[in-house]
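Notes to accompany the following structure.
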Amino acid sequence: WDSEVSWDVLRSVVELRDGDRLQHFVAEITSSKLTQPPLLAWSLEQLRQVARPTQFEAWTASVYEPLRAYHYWLFAHRQLPGGLFAWAHPYESGVDNAPRFSSRDERRLDDTGSLAAPDFCTYMMLKCEALAAMARRLGREGEAAAHDSEAAALRVAVNRHLWDDAEGLYFDRDLRSGTFVRSRTIASLLPLWAGIPDRQRAHRLRQHILEPMAFNTLIPLPSVALSDEAFERDMWRGPVWLNTPVAGISGLRRYDFHGTAADLAFRLCDGGYRTFENTGRLHEFYDPERHDIEQLHRKRGNRWKRMTLGPRPVSDFVGWSGLVNTLVIDVLFGLQRTPRGLAIQPRLPPQTEGLRFSLHLPRDRLLVELEVLAKGSVRGTS
């Protein structure tokens, strides 16, 4: 909702690339040969709604070539035979100590080089869609068609090789052995975000999301299903990180599961705000069953991380924790920019009946107040 700030963040990552590779991180005293989840092209496309048209066209034109070069760098360095994608290291995925490929303290880090990953493939699908849209606006129809073909081929490959029909989930698959890594994590749900599953598979994923002993927790969409034997309250082994739930909610909305999306969005926001009320801080990640961080750990057993970052979630951490406000604006209030101006389509779940909400956006000189009435109807003023 502040396009200038967003553009500055995106541009900095592109400008600090190493050749065609977008770097895992950049710092004065150290460097990394890894990359990161390839979401910058998708992120840029989100600014189309909020930036001025001429401004957005200039931004797209300035970064399309490096983003396209990075796209094909990933094809050259991260694509497996058969068309799927694998992380070179668990850290590239952003889910450092997930049970999919790591122990809690990271003394064990699996070789992920042959592990076809549903989250990586999801991000690449979103990247293909974004690059195709950019290419069309720039009049490069041939490149747009190529990105569309890449997306179609990847969708087929993910559904053929990463869908486990017995479980009704997507899993990592070791292409050396052909076996699934049946770790029930948030990555199993992310293909919804890119429109990969057909309608039947989407319904099965939604069933997992609605299961209280899986992903339908007090603060919903934990990083590992509550019923999974590897669930722990430690970073990516169970706690809720707000960025991946937002991706899951975006996927539900893509399939028109708007009621489920509204319910999850409300409880994510409510959980984030209540935890802040109880602790006085924003946090890196959250307890799926409590409104505090008393039982949470950060890579327990890893002495180096304990010394450098502490034993619990990093506090005063806005990052993706600020996404609760994005959920309020985009999902619950349903505020969006259109060529004719701001539009609103509130979606508030049944448990909010009788409550009043207000949203103040000083930058837009906008105040919206809503009251939730019986049977989901809403009235308000702006």
Item to check | Hits in the range 338-352 (condition: outside any strand (DSSP E or B) and either in contact with a His (Cβ under 6 Å, 6 or more places away or on another chain) or open to solvent by 50 Å² or more (accessible area, probe 1.4 Å) (or both)) | outcome: Pro339, Arg340, Gln345, Arg347, Pro350, Gln351
Checklist entry - Is at least one residue of the range 84-91 surrounded by 19 or more Cβ atoms within 10 Å (Cβ to Cβ), among the hydrophobic types (A, V, I, L, M, F, W, C) and under 17 Å from the mean Cα position of the chain (by Cα)? => result yes
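If only one of Arg274, Arg281, Arg233 is more than 18 Å from the chain's Cα centre (by Cα) and either of a type in the set (Gly, Ala, Ser) or closer than 19 Å to Asp105 by Cα (or both), which one is it? It would help to see each step written out before you state the result.
Values: Arg274 fails: either of a type in the set (Gly, Ala, Ser) or closer than 19 Å to Asp105 by Cα (or both); Arg281 fails: either of a type in the set (Gly, Ala, Ser) or closer than 19 Å to Asp105 by Cα (or both).
Residue meeting the stated conditions: Arg233.
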Checklist outcome for this item: Scanning the range 301-318 residue by residue, those under 20 Å from the mean Cα position of the chain (by Cα) and without any contact (Cβ under 8 Å) to a residue 60 or more places away in the chain turn out to be Val314, Phe317, Val318
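The rows are residues; the columns are (1) open to solvent by less than 10 Å² (accessible area, probe 1.4 Å); (2) closer than 26 Å to Leu242 by Cβ; (3) over 19 Å from the mean Cα position of the chain (by Cα).
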| position | (1), (2), (3) |
| --- | --- |
| Trp1 | no, yes, no |
| Val5 | no, yes, yes |
| Pro38 | yes, yes, no |
| Gln55 | no, no, yes |
| Ala58 | no, no, yes |
| Gln79 | no, no, yes |
| Ser93 | yes, yes, no |
| Asn97 | yes, yes, no |
Checklist entry - Quick check: anything in the range 12-35 open to solvent by less than 40 Å² (accessible area, probe 1.4 Å), within 26 Å of Ala117 (Cβ to Cβ) and of a type in the set (Gly, Ala, Ser)? => result yes
Next on the checklist: When the residues of the range 271-290 are narrowed to those that are open to solvent by less than 80 Å² (accessible area, probe 1.4 Å) and either in a helix (DSSP H, G or I) or charged (D, E, K, R) (or both), which ends up nearest to Asn243 (Cα to Cα)?
Outcome noted: Glu284
Next on the checklist: Out of everything in the range 162-203 that is under 25 Å from Pro239 (Cα atoms), part of a loop (DSSP other than H, G, I, E, B) and among the basic types (Lys, Arg), what residue ends up being least open to solvent (accessible area, probe 1.4 Å)?
Outcome noted: Arg184
Checklist entry - With respect to Leu242, is the statement that it is touching a Phe, Trp or Tyr at 6+ places or on another chain (Cβ under 7 Å), among the hydrophobic types (A, V, I, L, M, F, W, C) and either modelled with pLDDT under 95 or open to solvent by less than 40 Å² (accessible area, probe 1.4 Å) (or both) true? => result yes
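The values are calculated or read from the model by the stated rules, or taken from the named source; none is laboratory data. This is a predicted model, so every value here is computed, not measured. All Cβ positions, glycine included, derive from the backbone under ideal geometry; neighbour counts span all protein chains shown. Please note that ligands, DNA and RNA were not included when accessible areas were found on the heavy atoms of the full protein model with its side chains. Shrake-Rupley method; radii C 1.70, N 1.55, O 1.52, S 1.80 Å.
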